[in-house]
1. So, V44, is that one assigned to a strand (DSSP E or B) and under 18 Å from E89 (Cβ atoms) or not?
2. Of the residues that make up the stretch 19-33, is at least one in contact (Cβ under 8 Å) with a residue 12 or more places away in the chain, touching a Phe, Trp or Tyr at 6+ places or on another chain (Cβ under 6 Å), part of a loop (DSSP other than H, G, I, E, B) and not charged (D, E, K, R)?
3. Given the criteria in contact (Cβ under 8 Å) with a residue 60 or more places away in the chain, small (G, A, S) and out of contact with any Ser or Thr (no Cβ under 8 Å at 6 or more places or on another chain), does G63 qualify?
4. Within the stretch 67-91, track down each residue that is modelled with pLDDT under 95, assigned to a loop (DSSP other than H, G, I, E, B) and among the hydrophobic types (A, V, I, L, M, F, W, C).
5. Quick check, is E54 surrounded by 10 or more Cβ atoms within 10 Å (Cβ to Cβ), of a type in the set (D, E) and assigned to a loop (DSSP other than H, G, I, E, B)?
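The values are calculated or read from the model by the stated rules, or taken from the named source; none is laboratory data. Small disclaimer: the values here were computed from a predicted structure and weren't measured. Counting neighbours? That spans all protein chains shown, and the Cβs are built from the backbone with ideal geometry, glycine included.
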Amino acid sequence: MADAEALLALCVGGRIDKVRHYVEHAGHTWEVDEFAGDNAGLVVAELELGSADEAFERPSWLGREVTEELRYYNLALAERPYSRWRAEEQV
């Protein structure tokens, strides 16, 4: 426990509180992160592909692509949580 607390003290910004779910869809495993705390309400799905051009079926529950939006990265969410985003940013 002491080691974990020492590592947490080194963290930049706040902590990220999330639960990761693994969802199988059309032969792929999606990692779906459901955030809590200051990032409550945010859900992000990620899919690791073998190559950038690998085909995959988009699930009906999948929202828009945010891969290139840095504000969704854990470090950014620790420094500026989802709860501080303007309404127009929370789309």
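1. Working: assigned to a strand (DSSP E or B): yes; under 18 Å from E89 (Cβ atoms): yes.
The answer is yes for V44.
2. no
3. In short, no.
4. Listed by number, the list holds a single entry, V91.
5. So E54 passes the test.
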